[in-house]
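Working notes, structure below.
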Amino acid sequence: MVGGASSSREDPGRSVLEGQLAAATARAEDALAQLREREEELRTALAQTTTLETEMAELRLRPEAAEVARWRQEAEAAARWQQDAEEAVRLRAEAGDLRTQLGEERHHSDMLRSEMRGLERALALVGRSRSVTSRSGIPSGSARHYLTGSSGRRRNEEEE
């Protein structure tokens, strides 16, 4: 009976071991299920973290993008100001040229007026000289012709 007794003794030990093994297996399966749940939670947390990091990067870029847009606007305004300043310089130069031209035109106009006054005086003298010549009996014609003719006679007399 020694063999039978040993087998019966092994049964309770074996069943204890099997019970322990079953309990360990159950604990291992439970731990594995918890690990899988935790792994899923970690994957979800990683996805959320990645999403948040992306959003944070975008949020950091928004002020930078706004600042870049503001810089662009300021650069465009500066370029417009530069163009306006160049246009003002050009217009000032053109105004100076026009003032110079106007001065020259006024001078020319003054010269023409002076010449006209001189011609009017000459015409008045010619008119007076005609009236004097007509009273003196000189045939009608221009005083110039008369004067030219008399100086021509003097030359003829001097040559003889």
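Every read-out reported here was derived from the displayed coordinates using simple, explicitly stated rules and does not represent laboratory data. In this text, all values refer to a predicted model and were calculated from it rather than measured experimentally. Don't worry about glycine lacking a Cβ; one is built from the backbone with ideal geometry, like all the others, and counts go over all protein chains shown.
Structure values in brief
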quantity	calculated
From phi via Karplus (6.51, -1.76, 1.60), per-residue ³J(HN,Hα) for region 110-125 in Hz, x at Gly/Pro	4, 5, 5, 4, 4, 5, 5, 4, x, 5, 4, 5, 4, 5, 5, 5
Approximate shape of region 8-106 as ellipsoid semi-axes (Cα gyration tensor, √5λ), whole Å, largest first	93, 6, 5
Contour minus Cα-Cα distance for R90 and A57 (0.36 nm per residue)	7.0 nm
In Hz, Karplus ³J(HN,Hα) per residue of region 86-100 (6.51, -1.76, 1.60; θ = phi - 60°; x = Gly, Pro)	5, 5, 5, 4, 4, 5, 4, 4, 5, 5, x, 4, 5, 4, 4
Rounded to whole Hz, the Karplus (6.51, -1.76, 1.60) HN-Hα couplings of region 60-73, x for glycine and proline	5, 6, 4, x, 5, 5, 5, 5, 4, 4, 5, 4, 4, 4
FRET E, pair L46, A79, Förster distance 35 Å, beta-carbon r, rounded to 0.05	0.15
